[in-house]
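Step one of this worksheet: look at the structure below.
The values are calculated or read from the model by the stated rules, or taken from the named source; none is laboratory data. Here the structure is a predicted model, which is why all the values come from computation and not from measurement. Here Cβ is always computed from backbone atoms with ideal geometry, including for glycine, and neighbour counts include all displayed protein chains.
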Amino acid sequence: MKNSTDRRLFLNWIGWGILAGSALSFFPSLVWAKTAFDYALEGQGLIASKEYRKACKALQKAIHLDPTSDWAYGLLGRAYYGLGEKAKAVEAFRKAVRLNPADTYSRMMIEIITQKPVPRLEKKERPLAPLEQEAKAEEEAMLNRVRSTGSLTYQVNRIVIDAGHGGFDPGAVGPTGLKEKDVTLDLAWRLQRRLSDIGKIKSFLTRTQDYYIPLSDRTVIANQHQADLFISIHINANNNPKAHGSETYYCSEKASSKEAARVAAFENSVLKYDKPFKKKLGYIDIEEILFRFEQRMYWNESGRFARTFQKRFRTALPLKDRGVHSANFFVLRRAKMPSILLEIGFISNSDDEARLKRGKFREKIVDAVVKGLS
Ligand SMILES: [Zn+2]
């Protein structure tokens, strides 16, 4: 993972000697020991690049540091499965289920591995396995609960704020050179400070400085923090220099309009820099099986949340309200919670760009977001 590599480089650079000296006693927070989370995240990245042996090592370190992490055990199961060590994979998945009985994914993996031979996933007509049926029933029950409680019962307590782009990826750039990545990072910080002042909502940032995080890792961070809202902040851009205003998006398979599809295509364009994921023929795409059950629920809830959010957000918004739309945003796809993406103003519009440079204007945007959340 880029982040942890940076940390290691940084540690090498300043040298342990200095840290061990007086600086350590005065600034204990300077010591960035790798945490269980870091190792698990590293393991996840290694699995994505099919380096299963290395992934196992990283995940065992994660488990050593935090033996209660069902996430790390689930990943370890996947790493062993990738190596073809099915018995060890099942053992790890069982551990994950013991730690978190709601871990349908690991339960499903156990069933799939212990079935012989591993069946191919067929296109349609395939009858649902007992666990799939169970997961479907759970999903229906959850959806019914949401329906019966009516609208706006969703209480946000933990939020992960994602500053769009970063590092080599500037995002959209304004006529005078203002970069989307810088505005989004500053807005994320301002929003976090404000939320911490208010004190009701705990918030976390996906990135705290000017570096790049792959789109999928941003959602991993939100999932790991067990946030109940993921909010990705962006600034829009358009070939039409007059386009202005603010839009709220949620994830859907099909874009709600051509414009929504265009916005998603731009925000997804950085995907080409993320680690390639190759499907192996004859293998079941486990992620997809699990995801099929979960996505509808999270996306429905995201749409509901986005509309409620927008109703309040727009009353304090210092920009034209362009409404709620949906499209296939990769940064939102795998969030296991309601997730929205804000396109706040158009950096391509010189009036918007000039306003977005001002701290006071950014504070007004934060006012509006906080209003949307309350
Ligand atoms: Zn963006």
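Suppose we filter region 217-235 for residues that are closer than 17 Å to residue 299 by Cα and away from the ligand (no atom under 16 Å from the Cβ); how many remain? Qualifying residue count, region 217-235: 7. Annotation for region 20-40: at least one member residue is closer than 19 Å to residue 214 by Cβ, part of a helix (DSSP H, G or I) and modelled with pLDDT of 90 or more.
From the list 147, 158, the one residue that fits, being of a type in the set (D, E, K, R) and modelled with pLDDT under 80, is 147. So is residue 268 within 15 Å of the ligand (Cβ to nearest atom) and modelled with pLDDT of 95 or more or not? Considered against the rule, which asks whether it is within 15 Å of the ligand (Cβ to nearest atom) and modelled with pLDDT of 95 or more, residue 268 comes out as no.
Pairing each residue of region 329-352 that is over 14 Å from residue 175 (Cα atoms) and in contact (Cβ under 8 Å) with a residue 60 or more places away in the chain with any residue that is hydroxyl-bearing (Ser, Thr, Tyr) and within 12 Å of the ligand (Cβ to nearest atom), provided the two are 6+ apart or on different chains, yields C-beta distances under 7 Å for 329/249; 331/232; 332/232; 340/249; 341/232; 341/249; 343/249.
Of everything in region 328-365 that is modelled with pLDDT of 95 or more and aliphatic (A, V, I, L, M), the residue that is farthest from the ligand (Cβ to nearest atom) is 354. Note on region 156-185: residues that are among the β-branched types (Val, Ile, Thr) and more than 16 Å from the ligand (Cβ to nearest atom) amount to 4.
For region 158-179, the tally of residues that are within 19 Å of the chain's Cα centre (by Cα) and crowded, with 21+ Cβ neighbours inside 10 Å stands at 9. Screening 246, 269 for residues that are assigned by TED's automatic domain parsing to the domain that holds residue 327, loosely packed, with under 13 Cβ neighbours inside 10 Å and either of a type in the set (S, T, N, Q) or touching a Ser or Thr at 6+ places or on another chain (Cβ under 8 Å) (or both) leaves exactly one candidate, 269.
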